[in-house]
Amino acid sequence: MAVYPLNSKYLSREIKDQLSPGILSDVPLAPGLDGKEGGSYQFAGNIGSYIEFPNNGRLDVKHSITILCWVYPQTTGGPLFQYSGTDDWGVHMWIAEGKLFALFSRRNYKSTIYLFYNALALAFNQWHYVGCSYDFISGEANLWLNGESVVKMNIGKEIELATQDEVRIGAVHMEKR
């Protein structure tokens with residue numbers, strides 16, 4: 001559906017420039033994976049530091065989804081990626097207590113089973129390639145770390161996902177729980 005490189009070349013634009021750009025809030029450009037300036041954005045780890053992507057139905061995948069990103073953790077927790085409406089949280093991937101987790105919320109915002117990577121915490125000040133995925137047909141959900149599936153679980157077939165809201169990375173909405 002969308003690829004957002006989030007670097008100095010594309011800023012917050014989608015790679016094919018077919019979707020609305022993200023809205024930047026207190027996120028300066030920073031060195032990227034290759035160490036070059038402008039290769040990533042740095043999040044302050046507070047409620048005011050985020051990028052929000054308008055959905056307008058174009059990011060509403062509803063059935064199967066894969067979320068992938070590079071992260072450079074400097075704290076033990078926080079939101080990486082989250083669909084979130086005014087009162088409820090949709091599909092999301094976070095770091096909690098240094099460990100990766102994801103939740104594939106149902107369309108009505110009811111929770112499924114959390115996928116939690118309960119092994120080693122993600123190392124600070126080091127790049128990690130993380131992700132999560134859900135397959136509508138098989139019901140299989142995965143957590144990915146550095147290209148390998150580290151948690152795989154069947155959470156149920158044909159779940160319609162809560163992907164109808166805006167997407168925010170780096171922080172949650174103030175109104176949230």
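The values are calculated or read from the model by the stated rules, or taken from the named source; none is laboratory data. No experiment lies behind these values; they were computed from the predicted model shown. For neighbour counting, all protein chains shown are included, and Cβ atoms are generated from backbone atoms with ideal geometry for every residue, glycine included. Quick note on the areas: whole protein, heavy atoms, side chains included, nothing else; ligands and nucleic acids left out. Shrake-Rupley method; radii C 1.70, N 1.55, O 1.52, S 1.80 Å.
Taking 8 Å as the Cα distance limit and 6 or more residues as the minimum spacing, I'd like the relative contact order of the stretch 12-89 as a percentage.
Numbers: 72 pairs, mean separation 16.7, N = 78.
Reported relative contact order: 21 percent.
Residues in the stretch 129-147, backbone N under 18 Å from the label point at Asn154 (7 Å along the Cα-to-beta-carbon vector): list them, ranges by number please.
133-143
When all protein chains stay in place, what accessible area (Å², nearest 10, 1.4 Å probe) is found for Phe43?
70
Report the charge-dipole magnitude of the stretch 5-123 in Debye, nearest 20, computed about the Cα centre from +1 at each Lys and Arg Cβ and -1 at each Asp and Glu Cβ.
Details: 10 positive and 10 negative charges, 76 e Å.
Here the stretch 5-123 has a charge dipole of around 360 debye.
Regarding the stretch 35-129, what's the average projected area of the Cα-atom convex hull, expressed in nm²? Let's see the in-between values first.
Details: hull surface 29.5 nm².
That works out to 7.4 nm².
Taking Cα pairs under 8 Å and at least six residues apart, what relative contact order does the chain come out at, in percent?
Details: 444 pairs, mean separation 40.6, N = 177.
Taking the mean separation of contacting Cα pairs over the length of the chain, I get 23 percent.
Using the alpha carbon gyration tensor of the chain, what are the three equivalent-ellipsoid semi-axes (square root of 5 times each eigenvalue), largest first, in whole Å?
Numbers: eigenvalues 113, 76, 48 Å².
Over the Cα atoms of the chain, the semi-axes work out to 24, 19, 15 Å.
Give me D for the stretch 98-177 in µm² s⁻¹, whole number, from Stokes-Einstein with Rh from the Kirkwood sum over alpha-carbon pairs, 25 °C and 0.890 mPa s. Numbers along the way, then the final one.
Numbers: Rh = 14.0 Å.
Once the numbers are plugged in, D ends up at 176 µm²/s.
Got a number for the accessible area of Thr66? Probe 1.4 Å, square angstrom, nearest 10.
Ignoring ligands and nucleic acids, Thr66 comes out at about 90 Å².
Net charge near Tyr72: determine it from the other residues with C-beta under 15 Å of the C-beta of Tyr72, scoring Lys and Arg +1 and Asp and Glu -1.
On the way: positive: Lys36; negative: Asp34, Glu37.
Charge balance near Tyr72 sits at -1.
Quick one: plug the Kirkwood hydrodynamic radius of the stretch 102-144 (C-alpha pairs) into Stokes-Einstein at 20 °C, 1.002 mPa s, and report D in µm²/s. Let's see the in-between values first.
Numbers: Rh = 12.2 Å.
Here the translational diffusion coefficient equals 176 µm²/s.
Which residue, Gln82, Ile137, Leu24, has the largest displacement toward the positive end of the dipole of the chain when charges sit on each Cβ (Lys, Arg +1; Asp, Glu -1)?
Ile137
Which lysines does Lys9 reach when only Cα atoms under 29 Å apart count, and residues fewer than 8 places away in its own chain are ignored?
Lys36
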